[in-house]
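The values are calculated or read from the model by the stated rules, or taken from the named source; none is laboratory data. None of these values were measured; they are calculated from a predicted model. Don't worry about glycine lacking a Cβ; one is built from the backbone with ideal geometry, like all the others, and counts go over all protein chains shown. Heads up: the accessible areas ignore ligands, DNA and RNA and are worked out on the full protein's heavy atoms, side chains in. Shrake-Rupley method; radii C 1.70, N 1.55, O 1.52, S 1.80 Å.
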Amino acid sequence: MTTFVRELVQIAVTGVVQGVGFRPFVYGLAQRWGITGWVLNHSGGVTIEAEGPPDVLDAFIDALRREAPPLARIDSLEVHAAPPAGHARFEIRPSEGRPGQHLPVPPDVATCAECLREVLDPADRRFRHPFASCVNCGPRYTIISALPYDRARTSMATFPLCPACQRECADAADRRFHAQPNACPACGPRLSLVAGAAQPLLALPPEDSRDALARAAQMLAEGAVLAIKGLGGFHLACDATNAEAVATLRRRKARPHKPLAVMMTDLATVRQHCLVNAAEAQLLAGPEAPIVLLPWRSGSTVTEEVAPGQRFLGVMLPTTPLYHVLARDVGRPLVMTSGNLSEEPLAAENDEALERLAPLADALLLHDRRIQARCDDSVWFVPDVAGEPVPQPIRRARGYAPLPVLLPFEVPPTLACGAEIKNTFCLARGNQAFLSQHIGDLESLATLEHWERTLARYRALFGIAPGCVAIDLHPDAVASLLGRKVAAHEGLPVVEVQHHHAHLAACLADNAWRPEDGPVIGVCLDGAGYGADGHIWGGEWLVGDYAGAARRGHLEYLPLPGADAATRHPWRTAAGYLQALFGEVPEWLVPPDAPAGALAALRQQVGRGVNAPLTSSMGRLFDAVAALVGVRTSVTYEAQAAVELEMLAIGARRDGSSAGYPVPLDHTEEGWVARLGPLFRALLGDIARGEDPGAIARRFHASVVRLTADLCRRIADETGLGVVALSGGCFQNRLLLGETVTALRGQELRVLLHHQVPANDGGLSLGQAVIAQQMIGRG
């Protein structure tokens, strides 16, 4: 007689294991291996009790790790033996709330191939259903109200399942087994189409979802501007091949030049309009489905009005069944830009959209599922870095937030408030740093309220009660004031973190750099950050780590006449620099629309040092050169002049002058200072000789690359360090980034780049959070 020994183990799993089909996956494994017991969700993760022969249990546990669902991320899996319980079958038990336990919340995920096939199949009951989803796709973060993740704690709670959908959710063999957002045309949610104020409609079709969707597509094809409720908020949409429609959208949205994103039906369509490499295709078609900046084909029918003066087009694939059907019905690329006025937060709810977006749209395509969290589209680009495509985030939101960045060390509960521009905040605890989705520029009351609501949501979802608040060193920065408000209300200590030190630390954390790995050389190039000496920094070479950073080099200080006015009018920056360096400004630099006497007033500001703060900013240096070569004398969005200068340089032929202009280095008591007078003198000489502006732009980029590499080499020789971390918004210039990495590697230096959070200020809160615990530790 053979005796079959049965053992029981209890398995605790943490990570992204709710809302990703993990319980159905465990149930299926248990059926395959003949395991008995149960699985349940709780506030801190998933617990499994598994009973069976020892070798079968080993295979079961191994399969848990190797075969986890594609959207799952297992951070820990602990196994403990327990006495056998004699379970007769395997079951999914009801979820449990456990006080004090929390886990990551999955982000929204683009429509999977199986759901799309159903939506496009006239014989399927979900044909053209705008809200089809399963355990492998659909909304998560934007519908969750609380954990553990069950339908009752989501926006789907108000839509009872029909008998057919209920059977799917109860069938272990169905991919909708325990799919919380499951729905069909009988269940809801439902679409409606209502008139906008921009051009009132005389009549609309019956309010059936399919009718509303078909009528919306017809209007877009006829040149209308629509506001459409998506996953995390509204988009403003129009035909991207219709120049008049795009111009109308720009006028209403008050966005005259900033590039607009375009949605295309599939990868084959994208390739008709853009060049796409394998890394870009993988990003586009992945579950996160971000906007990706792609080289724009000259024969594309997308109108130039979509991205004036650009060589790259921001492209996304449809992220929901609603968008898949809409794109196919219209049959042309569609502009899909954030549903807001410039610098306002994304509109999220129907009543809000009817108030804020109706004046901008000819009609609004609404649905009746509540959005629990606003979440904009993520944006990535894939520069060529030393011959390899290296994906880089520009904006981290839908598809990525609120997944945590895993830290190589543990931190106490900390709130970091980020920057005033491209704001995110960060709540960190243990080895997890939860960055918010992109909040935006903190320039309006509505955005400040959005920041506070999102922070409250993060604290509730992840159960983090911060013990300190990290803020930017600038005493008047809006994000810093928000942080001080939180700290004062809760009696928390405040840690002030210098802007560029935070950039450096963010890059280190992004690369899982450990404190014991030691300091590195940090090159932080951006538009502005409050410096330790009270001046505006932005062209900085640091030596440091999480615990501290010392400035070892910078661009020389030059004046910004009019302060913020100079950032909006790059000709002012150029004139201030030339006045300070040479005592004169060419008359041709002043644009015809400048106020009378503007140059005389500017000279007085520089001469007297009145309202002309000093800056070492690399971003402002790009602005000044852009103004001098005639690219842009005033801007309507951040970094416009620098981006257009980059476009000019990319289009220029590379020739023997690529060594660039001279930038001598002076060694002072405060470190190395890059002198800009010779650069400007040589550049002005090229302008006077009538050199091609593209060639000048290219030489300028080469100058910055050579300066960066030379100064890093000198600092490396002085310190013995061999690793360089690149951060700051200037490194989202693909030409500058690629050639800088090549030059640094040519100096036998290892280079760290961003991979998970943006190099711009959108990643700053991560750096603040990991610095704060070190500063607190030092008292």
- [ ] Among the candidates GLU691, GLU638, single out the residue that is over 29 Å from HIS501 (Cβ atoms), of a type in the set (Asp, Glu), in a loop (DSSP other than H, G, I, E, B) and open to solvent by 40 Å² or more (accessible area, probe 1.4 Å).
- [x] GLU691
Open item on the list: For a quick check of your reading of the model, give me the residue pairs whose first member lies in the stretch 574-587 and is over 19 Å from MET618 (Cβ atoms), whose second is open to solvent by less than 10 Å² (accessible area, probe 1.4 Å) and in a helix (DSSP H, G or I), with beta-carbon atoms closer than 6 Å and at least 6 apart or on different chains.
Closed with: VAL585/ALA575; VAL585/LEU578
- [ ] Determine whether the stretch 600-610 contains at least one residue that is in contact (Cβ under 8 Å) with a residue 40 or more places away in the chain and assigned to a loop (DSSP other than H, G, I, E, B).
- [x] yes
Task: Residues of the stretch 576-627 satisfying the condition of being among the β-branched types (Val, Ile, Thr) and open to solvent by 60 Å² or more (accessible area, probe 1.4 Å) - done: VAL610
Task: Among (1) closer than 24 Å to GLY45 by Cβ; (2) among the small types (Gly, Ala, Ser); (3) surrounded by fewer than 17 Cβ atoms within 10 Å (Cβ to Cβ) - the single one ALA433 does not satisfy - done: (3)
Open item on the list: Looking at (1) under 22 Å from THR265 (Cα atoms); (2) out of contact with any Cys (no Cβ under 7 Å at 6 or more places or on another chain); (3) among the aliphatic types (A, V, I, L, M), which one does VAL315 not meet, given that it meets all the others?
Closed with: (2)
- [ ] List the strands (runs of 3 or more DSSP E) that sit entirely inside the stretch 279-359 and contain at least 1 residues that are in contact with an Asp or Glu (Cβ under 9 Å, 6 or more places away or on another chain), crowded, with 18+ Cβ neighbours inside 10 Å and without any contact (Cβ under 8 Å) to a residue 40 or more places away in the chain.
- [x] 291-295
Task: Failed item in (1) within 23 Å of GLU349 (Cα to Cα); (2) surrounded by fewer than 23 Cβ atoms within 10 Å (Cβ to Cβ), with ASP171 passing the rest - done: (1)
TODO: Identify all residues within the stretch 451-474 that are in contact (Cβ under 8 Å) with a residue 24 or more places away in the chain, out of contact with any strand residue (DSSP E or B) (no Cβ under 6 Å at 6 or more places or on another chain) and of a type outside the set (A, V, I, L, M); write none if there are none.
DONE: TRP451, GLU452, THR454, ARG457, ARG459, GLY463, ASP472
TODO: Return yes when VAL631 is open to solvent by less than 40 Å² (accessible area, probe 1.4 Å), within 20 Å of GLY527 (Cα to Cα) and not in a helix (DSSP H, G or I) and no when it is not.
DONE: yes
Open item on the list: Could you go through the stretch 510-529 and let me know if any residue there is under 21 Å from the mean Cα position of the chain (by Cα), farther than 27 Å from PRO559 by Cα and open to solvent by less than 40 Å² (accessible area, probe 1.4 Å).
Closed with: yes
Task: the stretch 695-727: number of residues that are among the small types (Gly, Ala, Ser) and in contact with a strand residue (DSSP E or B) (Cβ under 7 Å, 6 or more places away or on another chain) - done: 4
Open item on the list: So for the stretch 330-345 (the condition being in contact with a Phe, Trp or Tyr (Cβ under 7 Å, 6 or more places away or on another chain) and at pLDDT below 95), does at least one residue qualify?
Closed with: yes
TODO: Output the residues belonging to the stretch 55-67 that are under 22 Å from ARG176 (Cα atoms) and open to solvent by less than 10 Å² (accessible area, probe 1.4 Å).
DONE: ALA63, LEU64
Open item on the list: Just to be sure I understand, how many residues within the stretch 757-777 are in a loop (DSSP other than H, G, I, E, B) and over 22 Å from ALA639 (Cα atoms)?
Closed with: 0
TODO: Considering only the stretch 26-54, state which residues are open to solvent by 10 Å² or more (accessible area, probe 1.4 Å) and more than 23 Å from ALA146 (Cβ to Cβ).
DONE: TYR27, GLY28, GLN31, ARG32, TRP33, GLY34, THR36, GLU49, PRO53, PRO54
Task: Some residue of the stretch 102-111 being open to solvent by 60 Å² or more (accessible area, probe 1.4 Å), closer than 28 Å to ARG429 by Cβ and either assigned to a strand (DSSP E or B) or in contact with a strand residue (DSSP E or B) (Cβ under 7 Å, 6 or more places away or on another chain) (or both) - done: no
Task: Single condition ALA446 does not satisfy, out of (1) at pLDDT 95 or above; (2) part of a helix (DSSP H, G or I); (3) open to solvent by 10 Å² or more (accessible area, probe 1.4 Å) - done: (1)
Open item on the list: Quick check on the stretch 709-729. Is at least one of its residues part of a helix (DSSP H, G or I), over 26 Å from ALA428 (Cα atoms) and touching a helix residue (DSSP H, G or I) at 6+ places or on another chain (Cβ under 7 Å)?
Closed with: yes
Task: Answer from GLY52, GLY45, GLY15 - the residue that is in contact with a Gly (Cβ under 8 Å, 6 or more places away or on another chain), under 30 Å from THR142 (Cβ atoms) and without any contact (Cβ under 8 Å) to a residue 60 or more places away in the chain - done: GLY45
Task: Out of ARG93, ARG117, ARG128, sole residue that is of a type in the set (Lys, Arg) and over 30 Å from LEU191 (Cβ atoms) - done: ARG93
TODO: Go through (1) open to solvent by 40 Å² or more (accessible area, probe 1.4 Å); (2) more than 16 Å from LEU542 (Cα to Cα) one by one and return the number of the condition ARG714 breaks.
DONE: (2)
TODO: Answer yes if at least one residue in the stretch 389-402 is more than 26 Å from LEU753 (Cβ to Cβ) and open to solvent by less than 40 Å² (accessible area, probe 1.4 Å), and no otherwise.
DONE: no
- [ ] Return only the number of the condition from (1) in contact (Cβ under 8 Å) with a residue 12 or more places away in the chain; (2) outside any loop (DSSP other than H, G, I, E, B) that ARG117 does not satisfy.
- [x] (1)
Open item on the list: Suppose we filter the stretch 87-132 for residues that are at pLDDT below 90 and among the small types (Gly, Ala, Ser); how many remain?
Closed with: 3
